[in-house]
1. In whole Hz, with x marking every Gly and Pro, tabulate ³J(HN,Hα) for the range 139-147 from phi via Karplus 6.51 cos²θ - 1.76 cosθ + 1.60, θ = phi - 60°.
2. Accessible area of THR74, 1.4 Å probe, to the nearest 10 Å²?
3. With a 1.4 Å probe and every protein chain left in place, work out the accessible area per residue of the chain in Å², rounded to a whole number.
4. Just read off the accessible area of MET19 with the full protein assembly in place, 1.4 Å probe, to the nearest 10 Å².
5. Report the accessible area of TRP54, computed with a 1.4 Å probe over the heavy atoms of all protein chains in place, in Å² rounded to the nearest 10.
6. Would you compute, from DSSP H runs of 4+ residues alone, the mean residue ellipticity of the chain at 222 nm, taking -39500 (n - 2.57) per run and dividing by the full residue count, rounded to the nearest 500?
7. Taking a temperature of 10 °C and a viscosity of 1.306 mPa s, what whole-number D in µm²/s does Stokes-Einstein yield for the chain with Rh from Kirkwood over alpha carbon pairs?
8. Taking the Cα centre of each part, how many Å lie between the range 125-148 and the range 19-95?
Amino acid sequence: IAFNPGNFEYHHKRALYFMALDTDNDDERRTFHLEARKSLEQALDRNPARGILWYNLGYIYSFKRHDLTEYLNTWLPLADDCFDMAIQYAPKDAYLLFNIGRYWVWRSQLLPKKVLPVLRGSQKLFQEDGIDKFQDLFQRYLALNPDAWKDAFDSVWETYPQDRVVFNIVPAENQELKSRVLQELAKRNQ
């Protein structure tokens with residue numbers, strides 16, 4: 001980095017190093033996350049068109065913080081935006097589509113059900129919006145990788161064991177996959 005600070009990949013590798021460190025000490029964990037975040041932000045300053053950089057920064061932002069209000073109102077919306085940017089810059093990256101889809105399965109549970117929305121800028125988010133988001137991401141993922149339908153199915157079924165929610169992760173044009181998912185739903189509902 002000292003010899004070539006403009007190379008985004010050096011900053012990205014530094015971030016990955018800190019993301020891989022594991023500790024039970026909360027202060028060390030915060031330090032590792034802070035260093036990873038700074039390195040990812042520097043990498044994005046140098047190359048903002050890399051989806052994986054946005055994904056990793058969103059991953060760091062999505063880590064639970066001590067202050068729940070700040071976590072819900074600041075860090076999760078930042079993570080949401082990073083994941084949106086990741087998909088914008090890498091719309092056919094199966095790894096990103098799957099993992100961001102899984103994030104939205106989890107994230108949708110934190111959104112309200114049509115009472116008081118979560119405000120994200122001028123946009124209002126409800127649980128149904130989160131569900132629509134992960135269904136779209138999994139449809140795009142399964143269009144690229146239809147043989148991995150079971151992983152997507154299980155990721156959704158674990159949180160939303162509802163036929164309608166799970167069935168809508170299947171791309172509309174894939175009749176064979178629709179049949180497989182319907183068979184699996186029938187087995188699970190017995």
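1. Values, residue by residue: 4, 5, 5, 6, 5, 7, 9, x, 5 Hz.
2. Answer for THR74: close to 60 Å² accessible.
3. Value for the chain: 56 Å² per residue.
4. 50 Å²
5. 50 Å²
6. Helices in the chain give a 222 nm mean residue ellipticity of -20000 deg cm²/dmol.
7. Rounded, D is 88 µm²/s.
8. So the two Cα centres are separated by 21 Å.
The values are calculated or read from the model by the stated rules, or taken from the named source; none is laboratory data. Given the structure is predicted, the values throughout are model-derived calculations rather than measurements. With ligands, DNA and RNA removed, areas are computed over all heavy atoms of the protein, side chains included. Shrake-Rupley method; radii C 1.70, N 1.55, O 1.52, S 1.80 Å.
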